[in-house]
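Heads up, the thing below is written out as structure tokens.
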Amino acid sequence: MSSHPDKDELIFFGGEFFNGKKTYLYNDLFFYNIKKDTWVMSDIPNPPPRRCAHQFLRQGAAVGVWGEFYHYKDLWVLHLSTNTWEQIKVPGAPSGRSGHRMVLSKRQFPQKCQSTSINDMHAFSLDFTLSRLFPSGTGPSPRSACQITSAPDGSGVSIYEAKKVVEKGTIHSDMFLLDKDGIEEQVPRAPSLPPRPGFSLAVGPMRRTLLFGWVYEEEENETLEGYFYNDLYQYDINKKRWFPAQLKVEEESEEKEEGEGASDILVEPCARSSGMATVKYEKLYLYGGVFEVGDRQFTLNYLYCLDLHKMDQWEVLDPKTQVWLDNWSDSEDDEEDNEEAKEGDDEEEESEEESDEEDEEEHPPVQPGEALEDFQSRTEQYWVGLARVNMGTEAKDKKMQKVDIAIAKVFYEDQQ
């Protein structure tokens, strides 16, 4: 996901969807109009092959795409002025890989890349020359899925945390700065953040970097349990310090907790990992991500917006397109829905909408004027039963309670 350089739009390309049986890859190109709150699919000839876990980067009137989960090493450019795709072929390209990161610094794409725990770095000049970088100093150890951002003035590149997988995953919490003088480790001032993989990162205004969500994985008796979070932090580049980005409405709601104002609904993104984040006009946009319940992985398609100047509330954009609850329907409905999503013609889209309406009717309806807390309390047993069916009898009660609250909230917000 990236912001458009000239228009009030966000640009989306590719991605994946897993329904428990099959993984679907996409090479669709979408534009989201911020002012009109509408999606437009752009059918440009000769697009890159279907892919996920790629890097998507905008420079001027062009967007660059490199790499993929299946270790592609092709480089593509989308020219926004002419609406054309172009594959860039230059010698000396990095080996095919995924889990890499790419960011713009001056007029180059520095790539901090990993495949089987690689820690090499390459730079692609916008004059179409590619070179490998050998900065002085001690750089990060081999790792995958780190995050990387450029300084607002383009003078350097910051590398944030990551995960190294050998026999058992090691979560890193170190930070590094790469500039013209070399690479060196950065030690943020206290309080520091605990190690966290799967977070989203975006460069915000006033030389601050925004971090949202993450997942903590706990391995026990050959079972991997994931705990997801939805906290938001900011990193001040000048002060070298992390601090929580608390919404102003949260402070006011604490004072009104026992008053009539306590019934006001606080909208916020649910816990997730690997969401996409970008900043446009001092507003943070958050899209997608994954959330796991037992052995099921849910792909989210909520689009949220947060005004970084006001910091008063999250806004849900285009909320009626959510497919969270479809993943809780029976397997036959899932297969039909996923086949419809894969084919994508008009008739199938209509039948998918009808199926969604039928699925929604199976759940307890929200009564007119009913507050979220009242709805959750009234329908608690239903959601507990639904969570138990999908998580199994061996699921922990604490995890079960967390899940039933989350899905009740998602359903409630979808009906508003």
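Derived scalar couplings between HN and Hα for the stretch 225-231 equal 10, x, 10, 9, 9, 10, 7 Hz in order, rounded to whole Hz, by the Karplus curve 6.51 cos²θ - 1.76 cosθ + 1.60 (θ = phi - 60°), x for Gly and Pro. Between amide H atoms placed 1.01 Å from N, distances below 5 Å from SER273 occur with VAL290, all of them 5 or more places distant or on a separate chain. Ordered by the count of other Cβ atoms within 10 Å of each Cβ, fewest first, MET311, MET400 give MET311, MET400.
Remark: spin-label model distance ARG241-ASP28 equals 4.5 nm, labels positioned 7 Å along the Cα→Cβ axis. Taking amide H positions as modeled 1.01 Å from N, with prolines and chain starts lacking one, the residues under 5 Å from HIS172 and 5 or more places away or on another chain are ALA162, LYS163, LYS164.
Across the stretch 4-16, computed HN-Hα scalar couplings (Karplus, 6.51 cos²θ - 1.76 cosθ + 1.60, θ = phi - 60°) run 6, x, 10, 10, 7, 9, 10, 10, 10, 9, x, x, 9 Hz from first to last residue, x flagging Gly and Pro.
Pop the C-beta distance of GLN297 and THR82 into the FRET formula with R0 = 60 Å and round what comes out to the nearest 0.05. Before the final figure, lay out the partial values.
Numbers: r = 38 Å, r/R0 = 0.63.
Result of the calculation: an efficiency of 0.95.
Taking 7 Å steps out from each Cα toward its Cβ at ASP307 and GLU373 produces label points 2.6 nm apart.
Please go through the residue pairs LYS35/LYS248; LYS89/LYS283; LYS21/LYS402; LYS21/LYS398 and name each one whose alpha carbons sit more than 30 Å apart in this structure. Write out the running numbers ahead of the final one.
Values: LYS35/LYS248 24 Å; LYS89/LYS283 36 Å; LYS21/LYS402 25 Å; LYS21/LYS398 27 Å.
Violating the 30 Å limit, Cα to Cα: LYS89/LYS283.
Stretched out straight at 0.36 nm per residue, the stretch from LYS248 to LYS35 would grow longer than its current Cα-Cα span by 74.2 nm. Suppose R0 equals 25 Å; then what is the FRET efficiency for ARG50 and LYS280 from their Cβ-Cβ distance, rounded to the nearest 0.05? So, using R0 = 25 Å, E works out to roughly 0.40. Spatial offset of the stretch 195-250 relative to the stretch 265-301 amounts to 12 Å, using the alpha carbon center of each. Take the Cα of GLU315, go 7 Å toward its beta carbon, and none of the backbone nitrogen atoms of the stretch 192-207 fall under 11 Å from that spot. Proximity of backbone amide H atoms, modeled 1.01 Å from N, is registered between PHE298 and PHE291, GLU292, VAL293 at under 5 Å, excluding neighbours fewer than 5 places apart on the same chain.
Each reported figure results from applying straightforward, stated rules to the coordinates on display, with no laboratory input. Note that this is a predicted model, so its numbers are computed, not measured. Ideal geometry is used to build each Cβ from the backbone, glycine not excepted, and the neighbour counts take in all protein chains shown.
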